[in-house]
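In what follows, a single structure is set out as structure tokens and then discussed.
The values are calculated or read from the model by the stated rules, or taken from the named source; none is laboratory data. All of these numbers come straight from a predicted model, not from anything done at the bench. Cβ coordinates were reconstructed from backbone atoms using ideal geometry, including for glycine residues, and neighbour counts include every protein chain displayed. Only protein heavy atoms, including side chains, enter the accessible area calculation; ligands, DNA and RNA are left aside. Shrake-Rupley method; radii C 1.70, N 1.55, O 1.52, S 1.80 Å.
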Amino acid sequence: MFKLSIVLASLALTGCASVAGEKFQPVSIQTIHDSKEVSGIGCNLSNDAGNWFLVSPGSVMVHKSTGDMIVDCKKGNLSGSSTLVSKSNGAVWGNILLGGGIGYIVDRNTGAGFDYPNTTTIQMRDIATAPVALPSPQAASETVKAN
């Protein structure tokens, strides 16, 4: 009976992401423009657990969360952004099966049961050559009437 208790306890702990998992994760960002890597771009990363900054290509340790992470990169005329989707990892599912709802709630609140993509490439665009806004249809019709 004692051995069975030890086996069940160890199974329960392996399923719990808050015990076995990490609350922090490294995220690497690289930036490209015209199919070439561009270095030296400043990138802000943010989720509901905090804000971080890196210079591409680079990595930063972020606090994991159930919320998605927004990445905004800018330098000079170049700008790019992306959303990193937070996905549940295998440990959170083991926790639901073995530990029930309490462990899942802990994992959800700490972010330990969720991961972001480890590496992300941000496509930069030249904001100096952004499309020019067209006149509204009303302004265009007034121009035609004037002629």
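Please go through region 35-63 and pick out each residue that is surrounded by fewer than 15 Cβ atoms within 10 Å (Cβ to Cβ) and in contact with a Cys (Cβ under 9 Å, 6 or more places away or on another chain).
GLY42, ASN44, PHE53
In this structure, is ILE32 touching a Lys or Arg at 6+ places or on another chain (Cβ under 6 Å), open to solvent by less than 70 Å² (accessible area, probe 1.4 Å) and modelled with pLDDT of 95 or more?
So ILE32 fails the test.
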